Every structure is written in C-alpha cells, then in structure tokens.
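Heads up, the thing below is written out as structure tokens.
No lab work stands behind these numbers, since they all come straight from the coordinates. The model shown is predicted, which means the values in this text are computed figures rather than measured ones. Here the Cβ positions follow ideal geometry from the backbone for every residue, glycine too, while neighbour counts run over all protein chains shown.
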Amino acid sequence: MNTSTKSRPSHAPVTATVLSVEKLSPHFIRITFAAPGVGSSGSGIFDQRIKLIFPAPGHALPVLSGVNGNWYATWCALPEATRGVMRTYSIRALDETVAPVHLTVDFVIHTDPGPAAAWAEDATRGDEIIIVAPQPGAEPSGIEFAPGDATAIVLAGDETAAPAIARILEDLGPDSTGVAFIEIPTPADVLPISTPSGVDIRWLPRLGAGHGELLIPAVLGHLGVTLIRAHPTVAESASDLLWETPVFSSMGEELAETCSDRHTYYWIAGESALVTGLRRALVKEHGLDRSQVAFMGYWKQGVAMRG
Ligand SMILES: Cc1cc2nc3c(=O)[nH]c(=O)nc-3n(C[C@H](O)[C@H](O)[C@H](O)COP(=O)(O)OP(=O)(O)OC[C@H]3O[C@@H](n4cnc5c(N)ncnc54)[C@H](O)[C@@H]3O)c2cc1C
C-alpha cells in the first residue's frame, strides 16, 4: 500500500471532544479537545489555521468522518439549516505525546457573539465539534508564517491573532529576534507566552478604544513611519477580508521586487480594517517589499464569517 504523505490530504475532519474549559481572562476561553487523528508535520505549528464546525441548535453534528479530500463539498451539499456553522481558528497548542492527541484553541469572547464565541462560552467537558485539522506527517498546509532568511520578525495583531502569535513565538528558535505587538481589550487579557529572549512582546490594552487605534500607531512608530490616512477608503471597507502573503494576493496583485529591508519579516493579522490600514501605510505609502509581509484579515467588524 502506498502510504506516501503526498497522496494524503493535508487536512481531514475529525470529531473532537472537549476535555477542559478554562476562562483565562475576561476575553479569552481556552478549550482543550481530544482530537483523534490530528497531527503536525513535525516542523512546527506556527499560525496553522484549522476549521471548526459547530452543531446547529437542536441538531447533531454532520457526518464528515471518513470523508477526506472532498469534505468541504460534502459539507456544503448538506442543508444549511442543519449542517452547523464553520469558523476558522488557530491551534494554540498540540500535544502529540498523548493518545488521542490534545488540541487547544483560545477563543476570543466578543460583545457581538456569533455561533463560535457563543458555543465556547457555554462549552463543557464532553461536548463535541468537528475540527478540520492537519493529519500526522502530511505536507504542511495552512501555515502562513514564512520568514525565510529574515533575521528579525515583527508580529502584529489583535486578540484574535494572539493565539497564533503566541504559538509562533513558542515555535521560534531561541536565537530569534524581533518584536510582537498584541492589541487586547483590557490589561487583564495579557496572557503568558514563552518568548525567545530576543523578542520583545508589547501588549496594547484598548480600554474602549477602537480596533487598531493602538496597534497601528505602535507598529508604524516602531518603523518610524507616519500614518498619512487613518481610516479605510470606501472601497477598502466594502472589500472582502484582506489576505496578502508573499505567495497569494486576495486582490490579485503581482509581487513587485523592490530593494527595501529584506532582513525583517512582518506578519500582521486581525480585524480587516486595521490590517488594511497597516497594509496601505507600509506597502503603498512606505514602500515596504510585499515579499516580506503577510497581511491577513482574520475577521470583519459587523460581518459574520462563513468559514
Ligand atoms: C486564520 C484565522 C485564524 C483565527 N484564529 C482565531 C483564534 O485562534 N481565536 C479566535 O478567537 N479567533 C480567531 N479567528 C477569528 C475568528 O474566526 C472570528 O472572530 C470569527 O468571526 C468568530 O466567529 P463567531 O461565530 O464568534 O462570530 P461571527 O458569526 O463570525 O460574527 C458575528 C459578529 O461578531 C463580530 N465579531 C467576530 N469576531 C469578533 C471579535 N473578535 N471581536 C469583536 N467582534 C467580533 C463580527 O464582526 C460580527 O458582527 C481567526 C480567523 C482566521 C481567518
């Protein structure tokens, strides 16, 4: 039998069972799942994204186990009212030394809770969801953090990006250098992260300010860049989630080779308008080389995400 990882789909749906629920802070709930069949490539989790499928109220979870490559088509073909809802999250921790594997997700509790945040708030041991996650030894897929030869990193994000930033920092080598800016709702939302000694973490509690109001000036100030226009244009506000990485552009832009600072790699994620604002300032106004930056809209104010 050919067991080559190349023929194996990188992600597959598994039924995951809640093992523990921990309220970490006013706005973070940590949930650890028993997730049989999940595993990593062995070279780090970083910002590995996963899909979570929550049951529709009053309905059982859809049956997707055993459906591999075409699980998404199978799920989409199910009636919308009963198939549950899908959202994207990050792996905060993956313990592959136990069987079944333990997978941890840090959920942000927000004021306009959609199905995912509401499910997390009510979750108890024994509850089940479907997690679409990497399989052991499969080719890495869904990891955007790619610093290449950069010698320094700048990570920036709001609370939804905090779990990914924490995982990146904990997976980096001890000699890594750089800075991580994390905007959070309150000072009580500062969470412990094991950081390489050369990386400085700056927590930015918003305390009622708007998303990005602290993060954008902090990142630009670090780079010595002045913000020319703070708010997104009408076109930017109306656009879909921004997803611009060195290998993919949601706006269809070509990668232009420039000669700016290639020693630093930038990873920026969070609410769409703040990511768009930073992108405009850094790429359009400051001329930062797009090949050195990943800009990722993780959610959009006022819009329910659809997986
Ligand atoms: C690659 C990736 C990784 C992610 N990792 C994580 C993670 O590890 N932890 C995490 O908590 N989130 C993470 N997110 C963000 C998460 O998917 C969204 O916040 C999602 O909208 C939550 O779903 P929901 O059902 O609670 O709300 P939805 O039904 O999607 O939205 C309902 C309403 O809530 C608003 N809303 C959504 N999120 C927030 C928020 N954080 N603060 C304020 N209002 C909000 C929406 O604008 C909308 O008005 C990630 C997103 C991506 C793309």
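Miscellaneous remarks
- With at most 11 other Cβ atoms within 10 Å, longest stretch of the chain clear of loop GluC sites (Glu not before Pro) (DSSP): 81-252
- Considering the chain at the alpha-carbon level, its Rg and Dmax are found to be 19.2, 60 Å.
- Largest-first ellipsoid semi-axes for region 26-183, taking √(5λ) over the Cα gyration tensor eigenvalues, angstrom: 28, 19, 14
- Span-rule helices in the chain, defined as complete DSSP H runs reaching 27 Å or more along the axis (Cα) with Kyte mean at least 0.0: none
- Projecting the Cα positions of 301, 209, 278 onto the charge dipole of the chain (unit charges on Cβ atoms of Lys, Arg, Asp and Glu, taken about the Cα centre) puts 301 furthest along the positive direction.
- Over the chain, dividing the summed -39,500 (n - 2.57) contributions of all DSSP H runs of at least 4 residues by the number of residues returns a 222 nm mean residue ellipticity of -4000 deg cm²/dmol.
- Spacing of the two label points (7 Å from each Cα toward its C-beta) at residue 43 and residue 111, in nm: 4.3
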